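Every read-out reported here was derived from the displayed coordinates using simple, explicitly stated rules and does not represent laboratory data. As the structure is a prediction and not an experimental result, all values here were calculated from the model. Don't worry about glycine lacking a Cβ; one is built from the backbone with ideal geometry, like all the others, and counts go over all protein chains shown.
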Amino acid sequence: MNLPKPHTSQRGFTLLLAALVSSVVLSLGAAIFAIAQKELTLSSTGRNSQFAFYAADTAAECALYWDVRYAYFGVTPPDSITASCDGQALNEIVSSGDRLSGNYTMTFSYDISVLQASGQTNHYCANVSVAKTKVPVTNAVTSVVHADGFSTGCAGVSNDPQSLQRSVELRY
C-alpha cells in the first residue's frame, strides 16, 4: 500500500504553534508577576504609613499628657519631674522664643520601640513641637502640639528613602 506523503509545507507548524503558545503564557505570567509586585509594594506602603501615623499619635498624646497633667511645657516647668513616655525619657527638649512672654516653642524627639510577637523589636520615630502663644487681650495661652511620626527609627529618618512621615496636630 502506498500511503500519501506529508506535505513539506506543514512540517514546522507544530514548532511555530508551540513557540507562540509559550510566548503568550510567558507574557501573561510576567504581567501577573508585575501586578503582584505592585500590590505588595502598595500594601507595604500602607502598613508603614499606619506605623508612622501611630508613632505621631503616640508622641502627641504623650506631650498632651505631660502638658495638661503636669504643665511640663508651661512657663515654669516642674523641677522634680523628668518627662517620659513608655518608660523612655524624652530626647533633648529644646526651647525657642521667650518663655516669660508666653510665646515659645519646645521641641523634642521620641524613639518608639515596639516588641513584635516574633521577638523582633521595631523602632519608629516622632518629632514633636509644643507651641505656646499668649493671647494679649485675655492673657489666655493657646497650645499647639504638632507631631511628625516616621516609619523608621530616629537614626534612620534622614537617610532611609523608604521612610514615611505622617503628622498629627492637637490644638487646645
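Using Cβ counts within 10 Å as a stand-in for footprinting exposure, how do Y70, Y110 rank, fewest first?
Arranged by neighbour count, lowest to highest, Y70, Y110 become Y70, Y110.
In Å and whole numbers, how far do the C-alpha atoms of the stretch 63-116 stretch along each principal axis, longest first?
For the stretch 63-116, the Cα extents along the three principal axes come out at 45, 19, 17 Å.
For S151, what charge total do you get from the other residues with a beta carbon under 12 Å from its beta carbon, if Lys and Arg give +1 and Asp and Glu give -1?
Computed value for this residue: 0.
With everything on Cα atoms, drop me the angle between helix 13-70 and the longest principal axis of the chain, reported from 0 to 90° to the nearest 10.
10 degrees
Work out how far the C-alpha atoms of the stretch 14-171 reach from end to end along every principal axis, then list the three figures in whole Å, largest first.
90, 39, 24
By how many nm would the segment from T133 to S44 grow when fully extended, if each residue of separation counts as 0.36 nm and the alpha-carbon distance is taken off?
28.1 nm
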